[in-house]
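See structure below.
The values are calculated or read from the model by the stated rules, or taken from the named source; none is laboratory data. Just so you know, these numbers come straight off a predicted model, no measurement behind them. Methodologically, a virtual Cβ is constructed for each residue, glycine included, from the backbone with ideal geometry; neighbour enumeration extends over all protein chains shown.
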Amino acid sequence: MPEKRKILFIDDSPTDRALISSLLTKYNFQVLLAVDGITGLKMALEEKPDLILMDILLPHISGIELCKKMKQEPAIQDIPVVFYTALDTPKDMINYASYGAHDYIPKSLPAEELIAEINSILK
């Protein structure tokens, strides 16, 4: 059986962590959870996930600053980072690529589309 793809999800909302964790597990992903950017960075360096999904609004360090930090770390700089946020900004208004992020997904996106997006990035 192929090895499960590993996704690190960084979000301070217990509700969102539970929701995303159960959704990704259902689709056969291995899920790592972090409650803030500091923990997320440490986990990314230790676990080397296949993809990092993170909120922009995080305690201690914003998702944007965290993404910039991750892109400066040789061990993890090639891991795709996707912002997953409730910020109601049109996708084209967020300059996610300039922070090193691969994509930006609104939390309002239906589950199937989120999974399709993740699978597309991991191909």
Checklist outcome for this item: In the set 74, 59, the lone residue that is assigned to a loop (DSSP other than H, G, I, E, B), at pLDDT below 95 and exposed (fewer than 15 other Cβ atoms within 10 Å of the Cβ) is 59
Item to check | region 1-21, subset buried (at least 16 other Cβ atoms within 10 Å of the Cβ) and of a type outside the set (D, E, K, R), residue nearest to residue 63 (Cα to Cα) | outcome: 10
Checklist entry - Quick check: anything in region 19-33 in contact (Cβ under 8 Å) with a residue 12 or more places away in the chain and at positive phi? => result yes
Checklist entry - Can you name the residue in region 27-40 that is outside any loop (DSSP other than H, G, I, E, B) and out of contact with any helix residue (DSSP H, G or I) (no Cβ under 6 Å at 6 or more places or on another chain) and is also nearest to residue 75 (Cα to Cα) among such residues? => result 40
Next on the checklist: For region 105-119: of the residues being touching an Asp or Glu at 6+ places or on another chain (Cβ under 9 Å) and not in a helix (DSSP H, G or I), which is surrounded by the fewest Cβ atoms within 10 Å (Cβ to Cβ)?
Outcome noted: 108
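Out of the residues in region 41-56 that are assigned to a helix (DSSP H, G or I) and within 13 Å of the chain's Cα centre (by Cα), state the one that is nearest to residue 115 (Cα to Cα).
Step one: list which residues in region 41-56 are assigned to a helix (DSSP H, G or I), which gives 41-47.
In the following step, the residues that additionally are within 13 Å of the chain's Cα centre (by Cα) were identified as 41, 43-44.
Numbers: 41: 23, 43: 22, 44: 21 Å.
Going through the qualifying residues, I end up with 44.
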Checklist entry - Which one is modelled with the lowest pLDDT among residues in region 87-104 that are surrounded by 13 or more Cβ atoms within 10 Å (Cβ to Cβ) and among the aliphatic types (A, V, I, L, M)? => result 94
